[in-house]
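Accompanying notes for the structure given below.
A short reminder: the numbers here are calculations on the coordinates, not readings from a lab. This is a predicted model, so every value here is computed, not measured. Methodologically, a virtual Cβ is constructed for each residue, glycine included, from the backbone with ideal geometry; neighbour enumeration extends over all protein chains shown.
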Amino acid sequence: MKKFIFIFVAISILISSTNFAQLNIGYVNSDAIIKELPDAQDAQKKLDALIQEWKEEIQKMERELDTKTKDFDKRKLVMSDNNKIIIEKELSKLESDISKFRDTKFGYKGELYTQQEEVMKPIQNKIFNAIQEVADDEELDFVFDKSGDIMILFARDKYDITAKVLKKLQ
């Protein structure tokens, strides 16, 4: 019985090692693809313009807060306690509004995140489809993304299909 188990394990190892030897693997650099793809560049320009607009709005709000704070600091000695409380509440509300605006636009699941998803999703799908086509054409078993979280310590250039994916996208 022990012989049978040993023979079964040995055959399994031989069969699996033979299968592993025939694997075809490719990799892409999705960052390079996105940099080269005109659609992605246009989408990034849209996002950058939106980000710039929001930053300018925040700066405008911060300047208003700064001006009102300086004005309050100059006049608070001659103000009544009632007026001080009212203006302090206004200043606090302005700070809160700035914080809320930042969170709404740039926070977790904020408008920037939503816009990125909306703008980049079709481009990512297009890239993914091109990768699949190239992988099918090249009969690749696996394709890794060199620019992502997966770390590749070594990769032969002959397995880099980035240029072929870019060509497929054009």
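Does the range 25-169 come out rounded, prolate or oblate, given a ≥ b ≥ c as the square roots of the eigenvalues of its C-alpha gyration tensor, rounded meaning a/c under 1.5 and, failing that, prolate meaning a/b above b/c? Prolate.
Taking only C-alpha pairs under 8 Å that are 6+ residues apart, what is the relative contact order of the range 100-170 in percent?
Details: 23 pairs, mean separation 20.4, N = 71.
So the answer I get is 29 percent.
Taken one residue at a time, the phi angles of the range 48-62 give Karplus couplings (6.51, -1.76, 1.60, θ = phi - 60°) of 4, 5, 5, 4, 4, 4, 5, 4, 5, 5, 5, 4, 4, 5, 5 Hz. Gly and Pro are set to x. For a straight C-alpha distance cut-off of 20 angstrom, the aspartates and glutamates reachable from residue 89 (same-chain residues fewer than eight places away being disregarded) are 62, 64, 66, 71, 73, 81, 97. Relative contact order, whole percent, for the range 25-169 stands at 53, derived from Cα pairs under 8 Å and 6 or more residues apart. Annotation: amide H of residue 27 within the under-5 Å range of 144, 160, 161, sequence separation 5 or more or interchain, hydrogens built in the peptide plane.
Note on the range 25-169: with charges restricted to the Cβ of Lys and Arg (+1) and Asp and Glu (-1), its dipole about the Cα centre is near 760 debye. Residue 82 sits among other residues whose Cβ lies under 15 Å from its own Cβ, and their net charge, with Lys and Arg +1 and Asp and Glu -1, is +1. Cross-link partners for residue 158 among the lysines, with Cα-Cα distance under 17 Å and sequence neighbours closer than 8 places in the same chain left out: 146, 167. The alpha carbons of the range 90-170 occupy a box of 65, 29, 18 Å along the principal axes, longest dimension given first. Taking the charge dipole of the range 25-169 about its Cα centre, with +1 at Lys and Arg Cβ atoms and -1 at Asp and Glu Cβ atoms, the residue from 72, 44, 161 reaching farthest to the positive side is 72.
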